[in-house]
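What follows is a single structure, written as structure tokens, with notes after it.
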Amino acid sequence: MIEKSIVSKNIYVSDEDFDIGKIYKGVKQISDKLGYALIEKEQVNKPGKYGNEIKFSFILDREIDYFVEAVFEINFYFDNINKVKERDHGDCKVIISGKLIYDYKNRWGMRKFDRFLLGLYLKVTEPTLKKTYIIPFMIKDGNTIHDSIKNNFGFYS
């Protein structure tokens, strides 16, 4: 199993109004639209000094074929959250990271020689892998997820 990080994007929101429920539901909708399985990794809600602190994390998982799996991890960190006129007001940091996992079913085994062959295979086929996996799945899906989250914050409306 070899992991390769492809996408890393951040969104910072400071002292804005937004709807956390809409953002939460938006992640579920975009994962369904793109064909990813959604796993809710963590959800925390605790009171803070200047407002609530809310954190939730998602893993979006998709088997591309028998050899490659695409995984996105999305972490939301809300801070100083207060309700203002049915909306949430505060700060937020969103971290989106995407990676490809080659040989995620471990068919190449764990012996050193097999891992050497897998590394060699990936080096030789790198241009094909970029056309087949990286550009259509990781970059386009990463941009779609990023834009969808920004849209749910209200930046594009």
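The values are calculated or read from the model by the stated rules, or taken from the named source; none is laboratory data. Bear in mind that the values here come from a model prediction, so they are computed numbers and not experimental data. Cβ sites come from the backbone with ideal geometry, for glycine too, and all protein chains shown count toward neighbours.
SER31 passes every criterion in (1) part of a strand (DSSP E or B); (2) touching a Leu at 6+ places or on another chain (Cβ under 9 Å); (3) hydroxyl-bearing (Ser, Thr, Tyr) apart from (1). Is it the case that segment 104-119 has a residue that's aliphatic (A, V, I, L, M) and either in contact with a Leu (Cβ under 6 Å, 6 or more places away or on another chain) or within 15 Å of LYS4 (Cα to Cα) (or both)? Yes, segment 104-119 has at least one match.
Here is the figure for segment 8-40: residues that are closer than 24 Å to ILE135 by Cβ, among the β-branched types (Val, Ile, Thr) and either at pLDDT below 90 or surrounded by fewer than 17 Cβ atoms within 10 Å (Cβ to Cβ) (or both) total 1. Can we say ASN106 is at positive phi and either surrounded by fewer than 14 Cβ atoms within 10 Å (Cβ to Cβ) or part of a strand (DSSP E or B) (or both)? Considered against the rule, which asks whether it is at positive phi and either surrounded by fewer than 14 Cβ atoms within 10 Å (Cβ to Cβ) or part of a strand (DSSP E or B) (or both), ASN106 comes out as yes.
Filtering segment 122-157 to residues that are more than 13 Å from ILE96 (Cβ to Cβ), under 15 Å from the mean Cα position of the chain (by Cα) and either of a type in the set (D, E, K, R) or not in a helix (DSSP H, G or I) (or both) leaves only LYS140.
Assessment of segment 50-64 against the conditions (assigned to a helix (DSSP H, G or I) and modelled with pLDDT of 90 or more) yields no matching residue. For the condition assigned to a helix (DSSP H, G or I) and in contact (Cβ under 8 Å) with a residue 40 or more places away in the chain, LEU100 does not qualify.
Scanning segment 53-70 for residues that are surrounded by fewer than 21 Cβ atoms within 10 Å (Cβ to Cβ), hydrophobic (A, V, I, L, M, F, W, C), free of Cβ contacts under 8 Å to residues at least 40 places away in the same chain and within 19 Å of LYS33 (Cβ to Cβ) yields a count of 1. Among the residues of segment 9-60, the ones that are in contact with a Gly (Cβ under 8 Å, 6 or more places away or on another chain) and hydrophobic (A, V, I, L, M, F, W, C) come to 1 in all. Just one of the listed residues (TYR133, TYR156) is surrounded by 12 or more Cβ atoms within 10 Å (Cβ to Cβ) and modelled with pLDDT under 90, namely TYR133. In the condition set (1) free of Cβ contacts under 8 Å to residues at least 24 places away in the same chain; (2) assigned to a strand (DSSP E or B); (3) touching a strand residue (DSSP E or B) at 6+ places or on another chain (Cβ under 7 Å), LYS83 is compliant with all but (3).
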